[in-house]
Each structure stands twice: as C-alpha cells, then as structure tokens.
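A.B. asks: Structure in structure tokens, see below.
The values are calculated or read from the model by the stated rules, or taken from the named source; none is laboratory data. Values in this document were obtained by computation on a predicted structure and should not be read as measured data.
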Amino acid sequence: MAQRIPSSMTAKQMQAWRERHAQSLTTGAEWLGISRRQFADYLAGTYPIPRTVALLCAAYDKLFVSAKARRAVPDSRGNPGTDLRPHMEKK
C-alpha cells in the first residue's frame, strides 16, 4: 500500500513528531538539518513548515519504524537485530 507523501505539516503535527521521538529542540533541529531557532519557530507556528522539512519528518518516521523492527528481529544465528542508530542514547 502506497503511503501518502505529506504536502504540508502543522506546528501541532511537528510537536507530535518531536514527542513521538522524544527529541530535544537541539536534537530535532540537528536531525532535520535546521537551526534550533528555526525548529522552535516551526513548533510555535511562527512560520509555515516547508514541505522539505515535512518530508524529512515523514522519512525519519519510516526509517525509525523500520530500524526498530530490525532491532527486534534476531538474525539467522539468534543474535539481536542491529541497532541502526548508534548516535542515540540507549535506554
């Protein structure tokens, strides 16, 4: 089933995205390749969120779910899946 590509994103949707991935302002901005101030402005609704940023959020969601699934599935030797996000703190 094809997934709908977002044409826009609201500040409320971006806030939900940030909370879903438990990101700080700094981390969220780094992952999106924007400044911390710009990220804060988008979250506050000060400026409209560009489609490119909405697409990055959608891509991150897709990769995050895929990576999470891979970590949960053991390989053929019974080893746990590979953690594809070594830069993140493990909880």
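A.B. asks: Restricting attention to segment 32-52, which residues are within 12 Å of Q13 (Cα to Cα), in a helix (DSSP H, G or I) and either hydrophobic (A, V, I, L, M, F, W, C) or at pLDDT below 95 (or both)?
C.D. replies: Result: L43, A44.
A.B. asks: Sticking with this structure for a sec: Could you say which residue among R77, R70, R18 is assigned to a loop (DSSP other than H, G, I, E, B), of a type in the set (D, E, K, R) and modelled with pLDDT under 95? Steps first, answer last, please.
C.D. replies: Working: R70 fails: assigned to a loop (DSSP other than H, G, I, E, B); R18 fails: assigned to a loop (DSSP other than H, G, I, E, B).
So the residue among R77, R70, R18 that is assigned to a loop (DSSP other than H, G, I, E, B), of a type in the set (D, E, K, R) and modelled with pLDDT under 95 is R77.
A.B. asks: Now for a different question. Within segment 21-31, work out how many residues are farther than 17 Å from R51 by Cα and at pLDDT 90 or above. Steps first, please.
C.D. replies: Here is the first cut: in segment 21-31, the residues farther than 17 Å from R51 by Cα are 21-27, 30.
From what's left, at pLDDT 90 or above: 24-27, 30.
Matching residues across segment 21-31 total 5.
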